[in-house]
Amino acid sequence: MDLGYESEHALGMPSEQIGLTQAEASARLISVGQNAVATHSAKWPIVLWRQLHSPLLILLVISSFISYFVGEKTDSIIIGIILTLSIGLGFLNEYRAEQAAAALHSRLRRTVSTIRDGVAKDIDVAELVPGDVVNLLLGEIVPADIKLLTVEGLECDESILTGESAPVQKFAAVSEEQSVELKSNSLALMGTVVSAGGGQGVVINTGARTEFGRIAIGLGTVAPETAFQLGLRKFSSLLIIMAGGLTSFIFIANILLHRPLIDALLFSLAIAVGITPQLLPAIVSTSLAKGARDLARKKILVKRLISIEDLGDVEILFTDKTGTLTDGHLTFMRSIDAQGLASSESIKYGLLSTALVMSSGESGNPLDQALWSSPAAQAYKARVASYKRVAALPFDHHRLMNSVIVENDSGRLLVTKGAPESVLPRCKEVLDTTNQVLVREFEAGGRVVAVATRVWTDNDALTAQDEMGLELIGFLIFRDSPKDDAGDAIKRLEGLGIAVKIITGDNPIVATTVCKALGLAVTGVLTGSQIAVMSEEELEAALPSTNIFARITPEQKAQIVKAQRTHGVDVAFLGDGVNDALALHAADVGISVQGAVDVATDAADIVLLEKDLNVLAEGVMEGRRIFANTIKYVLMGSSSNFGNMFSAAGASTFLSFLPMLPFQILLNNLLYDTSQLTISTDVVDPEQLAGPSRWDIAMIRRYMLFFGLISSAFDFGTFGILLWGFHAGPTLFRSGWFVESLATQTLVIFVIRTRRSPFYKSRPSLTLLLASFAIVLIGFVLPYTPLAKPLGFQSLSGALLLSIIGLIVLYLFLVEFGKKQFFINAKSREHLIKRARPHRHMRRRAGKFPAITH
């Protein structure tokens, strides 16, 4: 396929120089811009627009302007001031949350290996420009559109662009001066993944000029909706329906009562604004930002703030064994022959493939590193240095082995090393004692690598079909010790209602041995070969009784995760390798670690700065803590707001005056919401952290009606006391109800925030306590201040104050009693249905190419 790429910068590099000079690169960066298709910087206009785009607010502002021009200037100005304060408060908190997210995302910078001034160096991927020469390594995401100069078994997964799952083999371009109409097999395209081998090439296009960039930008920057966001949206829809019904009823009633049209409109709109928790987005953002900062201190970075909530929903965790259950530090222990006797031959031949990788400047895999740096290997390095590599066939996760052809004065030799299960079937002869040796080593928990050879007499081309007719030399034994605290971490996760399951490429006996050593009860083991012959239904049926999956391919990891999700549970996957990317994408929550390969970090929602299950447990608890505090505000806000507005609607039908002026309703709402901004600091009861929680819209609706009507009943009690006990006129009536309604809806948080007895068995945070009582105090004091007259208030007598305080205390006791009855009769939670997320992977991958902000 001809792609027709053109770039005036990409071709014609000086022949005496490989790559660009720093001066050339800087000039081109100014010319073509950063290599970015996304930005994570906080943009205040966007945040401000989110505060202003509410149709209710717009209608209220328009009505306020009309009110100003028809003579009610004072009312209009007060409404304007209150709306400005409300919008400013929401903007300030959301913008600070956006800044916190941007600061955290900046810690996830990605670098790329390029050649500048003739020297290999790592630079930020955003600084890559056309003409840069880039090294491509296994597991990396291709950072730009690159014309390939040299390749070594290079294959790229281009499914992000084409939808084709099979990796595409790549070849070097015919010459550096090749036509700009490049064939796709000599291009590595931005956003694709190096799935095998490696290579080097020159950048021809960056950022939005690439095919990936055009697609990603075309999709926009809106992130896919999470289950938490879906719950918020459903809740908002519920409130809109309630607000619409009440507003219409009030407006019609006031018109029928022959009240001025503008007063009726302003009052109705104020009721609509009052029933909606205006600061809910700000409270959610503040909670998430605080949670993200707390998690960062606990060595967890979130790529999207909303992912914290999803982390709290996790019920099943799939994780690799290496680095989570074990130390992750491989140590070479010894070398044995096929009969289990000590032998140095395996070291020599193992080094022949390993050394040639290590000496080329590449890091090699952890097994290669452990062997190369071991004391036992030092005596053989000089001996293997006389060999020259002729060809290589890199390791992949299907063959589970790598091979090289080497030669010296004695001739050529094919050396293969890899998983015993893969190498032994390719050997000409395997003794019965060899299998017994392997079982013994596996049961001891060792990582075993088989080494085999054969004389090479064919041409220089090496394929997987050539890895046959081998002679088994022996085994290399490595050790990765179990972590001291891994057993406690597993118990901690289980205490949070999370089942831990192990998916590993290691041998099933080794995995079982390690799990038993850590106290993880083994309920069942499945191997990749068994899963390969299972139907989807059989795999789904086997999952509840299986918690170890061994010798699993990358595709099978994703298959297992998808099958587990069919059981209606939220699944997390923790992985850091190339072979984990598919499963990370398939999981509800993908978790990677700092230093993981690009493709794993790209696929993850959460990045751990330390590969530790205890760290992950902290993240789960934080997610549940944030959800619990958000739900507190939702339950309290919906019920008390509904109660107050229902009372206002009812009172307006029998009073000869408005029960509360429009700007008094807005002021009440602003003060109440301000006190709840501190709800993110509240203490959460242990039982609320013990398991995942989800949105239950049906329960919220019942809660709103149940407690809203209790609140409204006390409002009508206040009306009765004001009208018949104190013969209140409009100003006194509004003053008394303002004080009572603000106090009840603010103080009720201390009852609603826990299912325990408030204060006695569950104490709120000091910040929430002080903020709430401060707002109640402001409400009581306002009628006695100079602001009382412009706000339409008057002072209250001592007798009236005592009556209101008595009603507030009685209300709180009744709500506490009602709370216990409500939750005794509460039905089971409503579970949200998983929905497909279109272009989810493309948007995730686009986040790997952010602009640098200064």
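Annotations
- Residue pairs whose Cβ atoms lie under 7 Å apart, separated by 6 or more positions or on different chains, with the first residue in the stretch 508-525 and under 13 Å from Asn547 (Cβ atoms) and in a loop (DSSP other than H, G, I, E, B) and the second among the small types (Gly, Ala, Ser) and open to solvent by 20 Å² or more (accessible area, probe 1.4 Å), are Thr523/Ser545; Gly524/Ser545.
- Options Val415, Val390, Val423; residue that is within 47 Å of the chain's Cα centre (by Cα) and more than 17 Å from Ala450 (Cα to Cα): Val390
- Unmet requirement for Ser113, which otherwise passes all of (1) modelled with pLDDT of 85 or more; (2) within 28 Å of the chain's Cα centre (by Cα); (3) not basic (Lys, Arg): (1)
- Count of the stretch 308-331 residues which are surrounded by fewer than 24 Cβ atoms within 10 Å (Cβ to Cβ), outside any strand (DSSP E or B) and either among the polar types (S, T, N, Q) or in contact with a Leu (Cβ under 8 Å, 6 or more places away or on another chain) (or both): 2
- Within the stretch 245-260, the set of residues being farther than 12 Å from Ala648 by Cβ and not small (Gly, Ala, Ser) comprises Phe251, Ile252, Ile255, Leu256, Leu257, His258, Arg259, Pro260.
- Any chance Val134 is surrounded by fewer than 23 Cβ atoms within 10 Å (Cβ to Cβ) and at pLDDT 80 or above: no
- Positions within the stretch 656-690 being closer than 20 Å to Phe646 by Cα, assigned to a loop (DSSP other than H, G, I, E, B) and in contact (Cβ under 8 Å) with a residue 60 or more places away in the chain, in sequence order: Phe657, Leu658, Pro659, Met660, Leu661
- Counted residues, the stretch 480-507 - those being more than 26 Å from the chain's Cα centre (by Cα) and either modelled with pLDDT of 90 or more or within 29 Å of Leu154 (Cα to Cα) (or both): 2
- Boolean, Ile204 is modelled with pLDDT of 85 or more and either out of contact with any Gly (no Cβ under 8 Å at 6 or more places or on another chain) or surrounded by 24 or more Cβ atoms within 10 Å (Cβ to Cβ) (or both): yes
- Qualifying residue in the stretch 758-776 (condition: closer than 28 Å to Phe657 by Cα and at pLDDT 90 or above): yes
- Here Leu341 meets each of (1) hydrophobic (A, V, I, L, M, F, W, C); (2) touching a helix residue (DSSP H, G or I) at 6+ places or on another chain (Cβ under 7 Å); (3) at pLDDT 90 or above; (4) surrounded by fewer than 17 Cβ atoms within 10 Å (Cβ to Cβ) with one exception, condition (2).
- Scanning the stretch 454-479 for residues that are of a type in the set (A, V, I, L, M) and either within 42 Å of the chain's Cα centre (by Cα) or part of a loop (DSSP other than H, G, I, E, B) (or both) yields Ala461, Leu462, Ala464, Met468, Leu476, Ile477.
- A single member of Ala391, Ala376, Ala382 is in a helix (DSSP H, G or I) and modelled with pLDDT of 85 or more, and it is Ala376.
- Criterion violated by Asn435 - all others in (1) in contact (Cβ under 8 Å) with a residue 24 or more places away in the chain; (2) in contact with a helix residue (DSSP H, G or I) (Cβ under 9 Å, 6 or more places away or on another chain); (3) open to solvent by 60 Å² or more (accessible area, probe 1.4 Å) satisfied: (1)
- Answer from Arg565, Arg551 - the residue that is farther than 18 Å from Thr504 by Cα and over 13 Å from the mean Cα position of the chain (by Cα): Arg565
- Exactly one residue out of Asp682, Asp696 is at pLDDT 80 or above, acidic (Asp, Glu), crowded, with 19+ Cβ neighbours inside 10 Å and over 30 Å from Ile255 (Cβ atoms), and it is Asp682.
- Among the residues making up the stretch 419-431, those that are in contact with a Leu (Cβ under 6 Å, 6 or more places away or on another chain) and farther than 12 Å from Asn507 by Cα are Arg426, Cys427, Val430.
Yes/no per residue for (1) modelled with pLDDT under 80; (2) acidic (Asp, Glu):
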| position | (1), (2) |
| --- | --- |
| Thr319 | no, no |
| Gly323 | yes, no |
| Asp327 | no, yes |
| Leu330 | no, no |
| Ile336 | no, no |
| Tyr349 | no, no |
| Arg399 | no, no |
| Leu414 | no, no |
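- For Phe654, the conditions (1) within 23 Å of Phe823 (Cα to Cα); (2) at pLDDT below 85; (3) open to solvent by 30 Å² or more (accessible area, probe 1.4 Å) all hold with the exception of (1).
- Listed conditions (1) assigned to a helix (DSSP H, G or I); (2) under 30 Å from Gln556 (Cα atoms); (3) of a type outside the set (S, T, N, Q) are all met by His398, apart from (1).
- Total residues in the stretch 502-530, condition within 20 Å of Ala572 (Cβ to Cβ) and crowded, with 17+ Cβ neighbours inside 10 Å: 9
- If you go through the stretch 464-494 and keep only what is over 30 Å from Ser403 (Cα atoms) and open to solvent by 80 Å² or more (accessible area, probe 1.4 Å), you end up with Asp484, Asp488, Lys491, Glu494.
- Summed over the stretch 369-380, residues that are over 45 Å from the mean Cα position of the chain (by Cα) and touching a residue at least 12 places away in the same chain (Cβ under 8 Å) total 1.
- Screening the candidates Lys632, Lys611 for the property of being open to solvent by 10 Å² or more (accessible area, probe 1.4 Å) and of a type outside the set (S, T, N, Q) yields one hit, Lys611.
- Test for Phe228: is it among the aromatic types (Phe, Trp, Tyr), modelled with pLDDT under 80 and closer than 26 Å to Gly590 by Cα: yes
- Verdict on Ser693 being assigned to a helix (DSSP H, G or I) and polar (S, T, N, Q): no
The values are calculated or read from the model by the stated rules, or taken from the named source; none is laboratory data. Computed from a predicted model, the values in this text were never measured in an experiment. Glycine gets a Cβ as well: all are built from the backbone with ideal geometry, and neighbour counts include every protein chain shown. Quick note on the areas: whole protein, heavy atoms, side chains included, nothing else; ligands and nucleic acids left out. Shrake-Rupley method; radii C 1.70, N 1.55, O 1.52, S 1.80 Å.
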